[in-house]
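Here, each number is a calculation from the coordinates, and none is a lab measurement. This structure is a prediction, so every number in the text was calculated from the model and none was measured. So basically every Cβ, Gly included, is an ideal-geometry build from the backbone, and we count neighbours across all protein chains shown.
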Amino acid sequence: PRPRQPLQQLPSRYDTPCLDTFLSIHPCTTVMGNICDRRLVQPASISQGGGGPSVLWLHGLGDTGAGWKGAFPLKGVEFHHPTAPTRPVTCNYYMPSTSWFDIQSIPVELTEPENPKDIGDSVASVHQMLDDLQNNGTPASQIVLGGFSQGGTISLLAGLSYPKTLGGIISISGWCAKRQDVSEWISPGGKQTPVLMCCGDGDPVVRFSITKHSADLLKASLGDRLEVLCPKRSMHQPGQRERQAVYDFMSRCLQ
């Protein structure tokens, strides 16, 4: 086992989200379409790793993996930032955007349809990435799967349905995409995985009604393995308290 190290304070330079992260919280803008058009977007995949502790981090709608690189500077941990495929998205008036699955409307409400289009393909893709990390030498217990917004939603569904127990799962401003019969799709391994959910009470993009309801549903199946942080914030992106909580959670899970 790796020696335990004291948790570090997240550097203050992360108080300001990067441009890509900012753009990802405004999915229904022409700017988002332009940023996707000028990038070479590759199919979601992970780079060859060295078999050490790893974080697989999934971005939000309209962003790319590059948007979150360097957000959580953990020493000795490999970060993998895949980019979602480019697809027409309903809430963008069917304009193509990097997207893990379809979203009907923004803000995302409790009425958002379950099992949206393409979500099954994305879950299968993430499961394959997790398998690839293990084939490269990283055990499942040393992998943290997490994401922001749409990426957080995929992290919850893919991580909790994965047959093995992961080191941890993180969702920032994400929601439960399958809210019916939650206990039936969570695997036995998923029920043993620590989970951190962060959701702002005034989020203008993903309503607190759906994130809080999602947390309540998951709590019934996961119990104390689920940690929920609901700070006061009126923006979609996480504040300093949440980013620090994510940093600390990753540190604990990968020690």
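If the viscosity is 1.567 mPa s and the temperature 4 °C, what Stokes-Einstein diffusion coefficient in µm²/s follows for segment 60-174 when Rh is the Kirkwood radius over Cα pairs?
In µm²/s, the coefficient is 88.
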Exercise for the section: Give the Kirkwood hydrodynamic radius (Å, one decimal) of segment 169-255, defined as one over the mean of 1/r across all pairs of different Cα atoms. Expected result: 13.3 Å
Handout entry: 5 angstrom amide H check on Phe79, placed H, neighbours 5+ away
Key = Val55
Handout entry: Extension gain from Asp131 to Tyr93, taking 0.36 nm per residue of separation minus the Cα-Cα distance
Key = 10.2 nm
Fill in the blank from the handout: Under the 7 Å Cα-to-Cβ spin-label approximation, Lys191 and Glu114 lie apart by a distance in nanometres of 1.8 nm
